[in-house]
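The values are calculated or read from the model by the stated rules, or taken from the named source; none is laboratory data. Please read all numbers here as calculations on a predicted model, not as lab measurements. Here Cβ is always computed from backbone atoms with ideal geometry, including for glycine, and neighbour counts include all displayed protein chains.
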Amino acid sequence: MTLPAGYKQIPVKTWFLIFEGSLPDISSFGDSVRMEQWEKPSAAEYLEIYKAVGSVWGWTGRLLKTSEELTEILNSANNEVWLFRIENEVAGFFELVRAEGETELVYLGLKPEWIGKGLGQKLIQVSVYVAGQNGEKVWLHTCERDHESALMAYQKAGFKIEKELISLEYYPA
């Protein structure tokens, strides 16, 4: 693959984590915290929230896809995008991909204005609750470029490091 314009490759440490806890009880969150499945979002609408949540962390995975490639992913029967709402306002989202025997939490995050308000654990718990409904393995990956508390927050929620590696990843130049 040729280097996309405006990006550089840098070495990044990534941790792959597997959920080993019990499915969280989210009933105590009350009516102010809601999750809503976003059925087949358009690529443009999806990228709005993707950038709002991930640009500060250098998320590029979906930005490097063509509109057609992203639309195909978003319309896949295995792909689910969920909006995380606080009082009817979208505070963040998570995206998961279901496969045989496992569910990957592909993207998960809060918009910057919602960070630091005690919502990170709730978002993680809601995403694990949704992802784990089929009783299969739930996993995710995070990297050293994510929020400084991300790895610790996932571990607090019941994730355990399965492996770590350093690989070259695309980030904005």
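Within segment 35-49, the set of residues being out of contact with any helix residue (DSSP H, G or I) (no Cβ under 9 Å at 6 or more places or on another chain) and either closer than 15 Å to VAL128 by Cα or of a type in the set (Phe, Trp, Tyr) (or both) comprises just one member, GLU36.
Residue by residue, here is whether (1) within 14 Å of the chain's Cα centre (by Cα); (2) part of a strand (DSSP E or B); (3) surrounded by fewer than 21 Cβ atoms within 10 Å (Cβ to Cβ); (4) modelled with pLDDT under 95 holds:
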residue: ILE73; (1), (2), (3), (4): no, no, yes, no
residue: ARG98; (1), (2), (3), (4): yes, yes, yes, no
residue: LEU105; (1), (2), (3), (4): yes, yes, no, no
residue: ALA131; (1), (2), (3), (4): yes, no, no, no
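Just one of the listed residues (PHE159, PHE84) is closer than 29 Å to ILE10 by Cα and among the hydrophobic types (A, V, I, L, M, F, W, C), namely PHE159.
Rundown of residues vs (1) part of a helix (DSSP H, G or I); (2) crowded, with 19+ Cβ neighbours inside 10 Å, yes/no style:
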{"position": "ILE18", "(1), (2)": "no, no"}
{"position": "LEU23", "(1), (2)": "no, no"}
{"position": "GLU39", "(1), (2)": "no, no"}
{"position": "GLU45", "(1), (2)": "yes, no"}
{"position": "TYR50", "(1), (2)": "yes, yes"}
{"position": "SER76", "(1), (2)": "no, no"}
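For segment 1-16, the candidate set comprises residues that are assigned to a strand (DSSP E or B) and out of contact with any His (no Cβ under 9 Å at 6 or more places or on another chain); within that set, the residue that is surrounded by the fewest Cβ atoms within 10 Å (Cβ to Cβ) is PRO11.
Of everything listed in (1) at pLDDT below 95; (2) within 27 Å of GLU169 (Cα to Cα); (3) part of a strand (DSSP E or B), the single unmet condition for LYS65 is (3).
The residue of segment 25-53 that is nearest to GLY158 (Cα to Cα), among those that are at pLDDT 95 or above and small (Gly, Ala, Ser), is ALA52.
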